[in-house]
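Heads up, the thing below is written out as structure tokens.
The values are calculated or read from the model by the stated rules, or taken from the named source; none is laboratory data. Quick caveat: nothing in here was measured; it's all calculated off a predicted structure. Because the Cβ atoms are built from the backbone with ideal geometry, glycine has one as well, and the counts that use them run over all protein chains shown. Calculation scope for accessible area: heavy atoms of the full protein, side chains included, ligands and nucleic acids excluded. Shrake-Rupley method; radii C 1.70, N 1.55, O 1.52, S 1.80 Å.
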Amino acid sequence: MLRGQAREEDSVVLIDMASPEAGNGCSYGSTAQASEAGKQQVVPSRVGSSAKPPIDFVLVWEEDLRNQENPTKDKTDTHEVWRETFLENLCLAGLKIDQHDVQDEAAAVHYILLRAPWAVLCYYAEDLRLKLPLQELPNQASNWSATLLEWLGIPNILLEHVPDTPPEYYSCQFKASKLQWFLGSDNQDTFFTSTKRHQILFEILAKTPYGHEKKGLFGIDQLLAEGVFSAAFPLHDGPFSAVPESSQVLGLTQRQVLFQHWARWGKWNKYQPLDHVRRYFGEKVALYFAWLGFYTGWLLPAAVVGTVVFLVGCFLVFSDIPTQELCHSSDSFDMCPLCSDCSFWLLSSACTLAQAGRLFDHGGTVFFSLFMALWAVLLLEYWKRKNATLAYRWDCSDYEDIEERPRPQFAATAPMTALNPITGEDEPYFPEKNRVRRMLAGSVVLLMMVAVVIMCLVSVILYRAVMAIIVSRSDNAFLSAWASRIASLTGSVVNLVFILILSKVYVLLAQVLTRWEMHRTQTEFEDAFTLKVFIFQFVNFYASPVYLAFFKGRFVGYPGNYHTLFGIRNEECPAGGCLSELAQELLVIMVGKQIINNVQEVLVPKLKGCWQKFSRGKKAGTGTHPAPWEADYELLPCEGLFHEYLEMVLQFGFVTIFVAACPLAPLFALLNNWVEIRLDARKFVCEYRRPVAERAQDIGIWFHILTGLTHLAVISNAFLLAFSSDFLPRVYYSWTRAPDLHGFLNFTLARAPPTFTSAHNRTCRYRAFRDDDGHYSPTYWTLLAIRLAFVIVFEHVVFSIGRFLDLLVPDIPESVEIKVKREYYLAKQALAENEALLGATGAKDDQPPSSEPSLGLPA
């Protein structure tokens, strides 16, 4: 490909159209003068319609009128120059600009209301390759559960009629020269939907310079970061709560429909109106809620099976012979001290811990682990089908391959241009070798942060060991008996605090590294950022559970030859085994994080909203009904979907990777997600400013992360069952010694070596398969071989079944494939008829657009 160096000169004219907007010589003027005048309008001549276009975007900045002579006056003057330049360039780009000021003696709030004339909309719609409708189709939305219940004749309580259902369309990329072929082109005021207008306005705002582009002085994002503007947002579609009188006469707005039928807590048991969500918020937000609802629905059978497995464990606690032997052993088993200064203790004192461990460690967990592994495989397979159906219906199947444009930040700072082999257009280009070098440098930073996490984990391990020693020396018999459990529980809380703090730090660091790597499209940028943060968060959240599951109690040694870490004896598993402690850790991290997140999502927006209303109360005017832009400015800025996805994917990891230790994890996830769906819906509809609608064809790199977690879960559960559970030792003992497990407790306990016994003048027992000299016994090596064989057989069986299910379930439903083939056929037929018509009439200018609607399959 030919590459050319990008131009260095600073251009301020974005488009050059043969229209009054491009050459009217408009000047926005001084913002200081606008503030003094109270209101200033710059209205270029209207093209294409007699009606005044709606407000498409709002820019806001605040001005402090009390301290005109302040130390930051130079910075304020710079911001004013940037603001004036930016607004003048918006005017040169063809936008209509109105200003509305609200001020008192102390401060002023300036609202810049942006409108896009018809010519500007047409130009950018073609430049952005927006797809617009050619022909209306009936809405073909369907739900498998609704279809099944209808076939069975069972009333469907989940189904609800939602008014104003969006129709489906055949659509293609917009061409201004073929305007007459598009649906609704006779009405210029409604031809572009509000979401399309917002996309066009945001593209202009993102590319408009306010200084030299190569110095990064361009785009609304940079101006917001510098504090030149306080906010930039499209307007909501009126208030979310409907007045009964007006709703009967005028009907509900799109926002009111979403609030009435989606964002209310009373709709927790209803299907989500995804087509309405997509129409108002765009495909990216709609796909998130589609995934969240799909995942939550699939959690229902997992939660039911997990609860049954847990209840089975509850019944086995009172009928399990080894547990009864432990609880009734009295002084039969004198156990060796748990630390150098600790005293000997009786195994019967750990009866409660052993019973708690039996809740999670029994034969049912093996079945549940196999069930959850296949559940995860089927979940992802059927999500691929659901995603393919939604991408086809929403006309975004080929978005990433063909339609997506380079990021404005990339386009402005890329050092050269190159030919796009797909579109044939010259686009900004950044050398791949340079990007790889930057990504490697970012990986080094990631490894450093992972090392910090490991250091925090080691500190928590040492804390637990020291705390166990301190509590065990207490004169209180209860505290002394529960020293290990108290140290473990407080250590889990300390670990959760470390997790939350490090998460905040690394997210900020990852944003800087990802911007530096110069990714071409927004999808590539988000995927790179997501991968960085998830790798760190994976280590951050899962380091402690992995230690408990696979390392704690493995390197203890034996009496008289204990291993130490920094002079402190390594931790042992409690009497109930490490599996019960792992279940406790999972519940603390998973449930604790969910509670903290939900409290934050409920309280923080309300507190921020109250603070904004309080701090801006004097600036909001005296009217009881503020203007729409004033009302929306009081809302919170939309923070995107990254944290929402991250929360759900981390939850998916807890539900699958360590499910053998905690069968109740799917139940807690299900309860949380029922709340999460309506909580997130309410945030978007009621508490957030309206985000710019973004297109997407899938959930991005999150799907590949989920696939990786599914594979990791199979291996993790295999090792958990083999090495952390008593399942295999029990099976081995029942086969070789006693089928009823009588004597199993004595079978798992070794005797202290003679040197230790003579030194303390007392014999004791400890949990291990060792001989009297402390060496591993033949039973240990036999069990090790059985455990390794179990791991190999388990993961091969699960992966084989998963692969078979993958081949059995097509990624794209047959109905979608038929529709795609039908469209190809109709498109070819229309093209042949059009060529014949052109040959007969020579009407070359009236040919329909050659782009084909919804023809690509999901990548």
Alpha carbon convex hull of the stretch 655-811, volume per residue in cubic angstrom: 223
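I'd like the trypsin sites (Lys or Arg not before Pro) in the stretch 733-795 restricted to DSSP loop residues with at most 14 other Cβ atoms within 10 Å, sorted by number.
Numbers: sites: Arg737, Arg751, Arg762, Arg765, Arg767, Arg770, Arg787; in loops: Arg737, Arg762.
Taking the stretch 733-795 and a limit of 14 other Cβ atoms within 10 Å, the loop trypsin sites (Lys or Arg not before Pro) found are Arg737, Arg762.
First compute the accessible area of the stretch 187-241 with a 1.4 Å probe, then give the percent of it belonging to carbon and sulfur atoms.
On the way: 980 of 1950 Å².
Whole-percent figure for carbon plus sulfur exposure: 50.
Please compute the per residue accessible area over the stretch 94-178 with all protein chains in place, 1.4 Å probe, rounded to a whole number of Å².
Values: 3970 Å² over 85 residues.
Counting only protein heavy atoms, the per-residue value for the stretch 94-178 is 47 Å².
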Among Val466, Leu587, Cys573, whose Cα sits farthest toward the positive end of the charge dipole of the stretch 446-596 (+1 at Cβ of Lys/Arg, -1 at Cβ of Asp/Glu, about the Cα centre)? Val466
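Can you compute the charge dipole magnitude of the stretch 147-222 about its Cα centre, using +1 on each Lys and Arg Cβ and -1 on each Asp and Glu Cβ, nothing else charged? Give it in debye, rounded to the nearest 20. Don't skip to the end; give the middle numbers.
Details: 7 positive and 9 negative charges, 127 e Å.
Computed about the Cα centre, the dipole is about 620 debye.
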Only loop residues by DSSP count here, and only those with at most 11 other Cβ atoms within 10 Å; note down the chymotrypsin sites (Phe, Trp or Tyr not before Pro) in the stretch 295-332 that meet that. Phe318
Percent of alpha-carbon pairs separated by more than 19 Å within the stretch 325-396: 65
So how far apart, in nm, are the two label points at Ile818 and Val445 if each is 7 Å from Cα heading toward Cβ? 5.2
With the cut-off at 20 Å, tell me which of the pairs Lys504/Lys593; Lys196/Lys284; Lys532/Lys552 have Cα atoms farther apart than that. Lys532/Lys552
Find the percent of Cα-Cα distances in the stretch 181-337 that exceed 25 Å, and round it to a whole number. 64
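Can you give the Kirkwood hydrodynamic radius for the stretch 631-712, in Å, rounded to one decimal and based on Cα pairs?
On the way: mean 1/r = 0.0678 Å⁻¹.
Across the stretch 631-712, the inverse of the average 1/r is 14.8 Å.
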Top positive-direction residue, dipole computed over the stretch 181-236 with Cβ charges, set Leu201, Asn187, Gln222: Gln222
First select every other residue whose beta carbon is under 15 angstrom from the beta carbon of Thr782; then total the charges, Lys and Arg +1, Asp and Glu -1. +3
Volume per residue, Å³, of the convex hull around the alpha-carbon atoms of the stretch 452-589? 125
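Per residue, how many Å² of accessible area does the stretch 688-789 show with a 1.4 Å probe?
Details: 4580 Å² over 102 residues.
Each residue of the stretch 688-789 exposes 45 Å² on average to a 1.4 Å probe.
Fully extended, how many nm does the chain gain between Ala785 and Val497 (0.36 nm per residue separation, minus their Cα-Cα distance)? Numbers along the way, then the final one.
Values: separation 288, 0.36 × 288 = 103.68 nm, distance 3.96 nm.
Taking 0.36 nm per residue and subtracting the Cα distance, the gain is 99.7 nm.
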Per the charge dipole of the stretch 744-809 (beta-carbon charges, Lys/Arg positive, Asp/Glu negative, Cα centre), the residue among Phe794, His760, Asn746 reaching farthest to the positive end is His760
Stokes-Einstein diffusion coefficient of the stretch 160-204, Kirkwood radius over Cα pairs, 25 °C, 0.890 mPa s, in µm²/s: 193
Per residue, what accessible area does the stretch 505-567 have, given a 1.4 Å probe and all protein chains present, in Å²? 42
